[in-house]
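*Asks:* This is the structure I have questions about; it appears just below.
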Amino acid sequence: MIGVGGLARAGKDTLSKCLKKVIENDFGCEVEIVHLADKLKSDLDNLISENFHFEAFTEGIREKELIRPILVAYGEAMKSQWGEDVWMKKLAEEIENRNPKKFFIVSDVRFDFECRYIRDNFDGWNIHIKKNGSEAAVNKTEKENDPLVQKEADIKHRWPAYQPDKMHLCEDHATIMWEMIPNEYKDKWRKILNL
C-alpha cells in the first residue's frame, strides 16, 4: 500500500492515477485507488444533496470549497468520538473484504497518524506531494497537519502545475517515485500479493 498526502489541489489524485499505471506495469496486478474521505462523504451525501443540490462527491471546485467545512467538521467529530484512526480503521475493514490480490493506493492522506497506520499495518510507504502554485492551505486543519504529514512521509516531491495537454509528464514523476521505493518493500508487497 502507498499513501499519498499533500495540500488540496497538490495533485494527489493525479499522482495516484499515474502510480497506478506504473505499478500495474511493474507488478502485473490490479491496483485500486481508495480514499479515506469516501466513507465520510457517503455518510453525508444525502444531507448535502438535499440541501445544496449536488453530491458530496462533486468534482466542482466551487462546490468542494462550499462543503469542505462540513466534511472537515464531521471528520473531526468522528475522530473525537471514535479515536483519531477511525477513518483508517473503516478503510482497512473495507480493504480486508476486497480482492487480496490488489495493491492499494490511498490518495488522500491528511494526517501524520494515517501515514503511521499505513506503514505499521500495511507495510506501506508514504509520499507527500507539493505543486508549484498551490502552496497555501485551504483551512486551519490542513495548515496544521500538512507539515506533519510531510515530515512523516518517506518520499517528498514537488512538481509543476501541468496544463491538461501535458498531463502525460506526470507519469515520469510517478515512475521516478516508484523507483525511489526500496526493493525490500517491493519484494514484501510481491510476497503479500503472491506475485
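Rundown of residues vs (1) among the acidic types (Asp, Glu); (2) at pLDDT below 95, yes/no style:
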position: Met88; (1), (2): no, yes
position: Glu96; (1), (2): yes, yes
position: Ser107; (1), (2): no, no
position: His128; (1), (2): no, no
position: Ala153; (1), (2): no, no
position: Ala161; (1), (2): no, yes
position: Trp189; (1), (2): no, yes
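*Asks:* Please verify whether Arg98 is out of contact with any His (no Cβ under 9 Å at 6 or more places or on another chain), open to solvent by 50 Å² or more (accessible area, probe 1.4 Å) and within 21 Å of Glu144 (Cβ to Cβ), treating the condition exactly as stated.
*Replies:* No: the conditions fail for Arg98.
*Asks:* I would also like to ask the following. Working only within segment 110-131, note down all residues that are open to solvent by less than 50 Å² (accessible area, probe 1.4 Å) and of a type outside the set (Phe, Trp, Tyr).
*Replies:* Residues satisfying the conditions are Asp112, Glu114, Cys115, Ile118, Gly124, Asn126, Ile127, His128, Ile129, Lys131.
*Asks:* Restricting to segment 81-104, give me the number of residues that are touching a Cys at 6+ places or on another chain (Cβ under 9 Å) and assigned to a strand (DSSP E or B).
*Replies:* Result for segment 81-104: 1.
*Asks:* Which of the residues spanning segment 181-195 are open to solvent by 50 Å² or more (accessible area, probe 1.4 Å) and not in a loop (DSSP other than H, G, I, E, B)?
*Replies:* Asn183, Glu184, Asp187, Lys188, Arg190, Lys191, Ile192
*Asks:* Which members of segment 62-95 meet the condition of being more than 24 Å from Arg9 (Cβ to Cβ) and under 18 Å from the mean Cα position of the chain (by Cα)?
*Replies:* If the condition is that a residue be more than 24 Å from Arg9 (Cβ to Cβ) and under 18 Å from the mean Cα position of the chain (by Cα), then Glu84, Asp85, Val86, Lys89, Lys90, Ala92, Glu93, Glu94, Ile95 are the ones that fit.
*Asks:* In segment 146-180, which residues are part of a strand (DSSP E or B) and either farther than 17 Å from Gly133 by Cβ or among the β-branched types (Val, Ile, Thr) (or both)?
*Replies:* Ile155, Lys156
*Asks:* Regarding Gly28, is this residue open to solvent by less than 20 Å² (accessible area, probe 1.4 Å) and modelled with pLDDT under 95?
*Replies:* no
*Asks:* Tell me, yes or no, whether segment 40-55 has at least one residue that is open to solvent by less than 60 Å² (accessible area, probe 1.4 Å) and within 25 Å of Asn132 (Cα to Cα).
*Replies:* No, segment 40-55 has no match at all.
*Asks:* Give me a count of the residues in segment 8-66 that are in a helix (DSSP H, G or I) and of a type in the set (Asp, Glu).
*Replies:* So the answer is 9.
*Asks:* Here's a follow-up. When you go through Ser107, Ser134 one by one, which is the residue that is assigned to a loop (DSSP other than H, G, I, E, B), open to solvent by less than 40 Å² (accessible area, probe 1.4 Å), touching a residue at least 24 places away in the same chain (Cβ under 8 Å) and among the polar types (S, T, N, Q)?
*Replies:* Only one candidate qualifies: Ser134.
*Asks:* Here are Lys89, Lys79, Lys156: which of them is of a type in the set (Lys, Arg) and either exposed (fewer than 13 other Cβ atoms within 10 Å of the Cβ) or touching a residue at least 24 places away in the same chain (Cβ under 8 Å) (or both)?
*Replies:* Testing whether each residue is of a type in the set (Lys, Arg) and either exposed (fewer than 13 other Cβ atoms within 10 Å of the Cβ) or touching a residue at least 24 places away in the same chain (Cβ under 8 Å) (or both) leaves just Lys156.
The values are calculated or read from the model by the stated rules, or taken from the named source; none is laboratory data. Fair warning: this is a prediction, and the values are worked out from it, not measured in the lab. Neighbour counts are summed over all protein chains in view; Cβ atoms, including those assigned to glycine, are modelled from backbone coordinates with ideal geometry. When the accessible area is computed, the model is the full protein with side chains, heavy atoms only, and any ligands, DNA or RNA have been set aside. Shrake-Rupley method; radii C 1.70, N 1.55, O 1.52, S 1.80 Å.
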